[in-house]
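Asks: Have a look at the structure that comes next, please.
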Amino acid sequence: MTTSAAAFAFPPRRRAERLSVAVVAELVELVVTGQLAEGELLPPEGPLSEHFGVSRTVIRESVKSLEEKGLLIVTQGRGTQVARSGSWNMLDPIVLSVLIDNDESLGILDELTIVRGNLESAMAGAVAARHTQEGLTRIVHALEVMREQQQESDSFRQADVVFHLTVMELSGNRLAENIAKRLYLRALESNRFHGMGYENAFQSTLDEHSRILEAITRQDVAAAEDAMREHILSSWQRRRFETS
């Protein structure tokens, strides 16, 4: 019985891709955590290949991936340098994950909250300025589901997320929605973002969401913007772990 060569074409390819993913993840962590500092030259392909136990082709592909993420700058004749953090694509899932996971000071979550607060504020204002009855009903329903919960719970938190994602979608601002959603959903995966419990958390969250809905309902753009921004910033400060 003869087996076609095509049957053996795919497994090696998948294995190489897995190796590349692992190398990329480690290199991203080395750069983001500062173990490879800004302006520092990346070691040549040979030593990197030996260090990771992979081929030079895998190293080449991995370096290309980091270049696309803005973490490395490849210059002919000078080698490969670590780029300044302002050039990094911080919305890249791997880069954002490493930033959050290594955020001992909570500085990146502070920055994320400010950016998210401003984006969601603008989107809440847009919904207040123009919304359909169907859209308003969706926001009302999300808040009602939150109210049905008698305490902080996974169901309550999920309804909270739905409330925010609904406002984002109804805003019609696809770019703001895409950026804010990416930041918000990734932050939710971090225990640091959930932070510390605080007194009356359940009721204060409901009250703040109610103010957002009320402003949207009466088409008060400024009030909707202020209520959303205040909710996002103040709730993070209440949850935030104390750090030195």
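The values are calculated or read from the model by the stated rules, or taken from the named source; none is laboratory data. For clarity, every value in this text was computed on a predicted model and none was experimentally measured. Note that we place each Cβ from the backbone using ideal geometry, even for glycine, and neighbour counts take in every protein chain shown.
One line per residue, one yes/no per condition, for (1) assigned by TED's automatic domain parsing to the domain that holds ALA176; (2) of a type in the set (A, V, I, L, M, F, W, C); (3) surrounded by fewer than 17 Cβ atoms within 10 Å (Cβ to Cβ):
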| residue | (1), (2), (3) |
| --- | --- |
| SER65 | no, no, no |
| LEU72 | no, yes, no |
| GLN76 | no, no, yes |
| GLY107 | yes, no, yes |
| ASP110 | yes, no, yes |
| GLU120 | yes, no, no |
| ALA124 | yes, yes, no |
| THR132 | yes, no, yes |
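Asks: Does the range 137-156 hold any residues that are closer than 17 Å to PHE202 by Cα, in contact (Cβ under 8 Å) with a residue 12 or more places away in the chain and not polar (S, T, N, Q), and which are they?
Replies: The answer is ALA142, LEU143, VAL145, MET146, ARG147, GLU152, PHE156.
Conditions (1) closer than 14 Å to VAL127 by Cβ; (2) of a type in the set (S, T, N, Q); (3) at pLDDT 95 or above, marked per residue:
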| site | (1), (2), (3) |
| --- | --- |
| GLN150 | no, yes, no |
| LEU165 | yes, no, yes |
| MET168 | yes, no, yes |
| ALA187 | no, no, no |
| ASN191 | no, yes, no |
| MET196 | no, no, no |
| ALA223 | yes, no, yes |
| GLU230 | no, no, yes |
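Asks: May I pose another question? Report, by residue number, each residue of the range 183-233 that is under 18 Å from GLU144 (Cβ atoms), charged (D, E, K, R) and without any contact (Cβ under 8 Å) to a residue 24 or more places away in the chain.
Replies: ASP207, ARG211, GLU214
Asks: When only residues in the range 32-87 that are assigned to a helix (DSSP H, G or I) and of a type in the set (Gly, Ala, Ser) count, which is farthest from GLU104 (Cα to Cα)?
Replies: That would be GLY46.
Asks: Six or more apart or on different chains, Cβ atoms under 9 Å: show the pairs whose first residue is in the range 109-136 and farther than 12 Å from ILE216 by Cβ and whose second is outside any helix (DSSP H, G or I) and among the hydroxyl-bearing types (Ser, Thr, Tyr).
Replies: If the second residue must be outside any helix (DSSP H, G or I) and among the hydroxyl-bearing types (Ser, Thr, Tyr), the pairs left are LEU109/SER190.
Asks: Within the range 93-130, how many residues are among the charged types (D, E, K, R) and modelled with pLDDT of 95 or more?
Replies: Of the residues in the range 93-130, 5 are among the charged types (D, E, K, R) and modelled with pLDDT of 95 or more.
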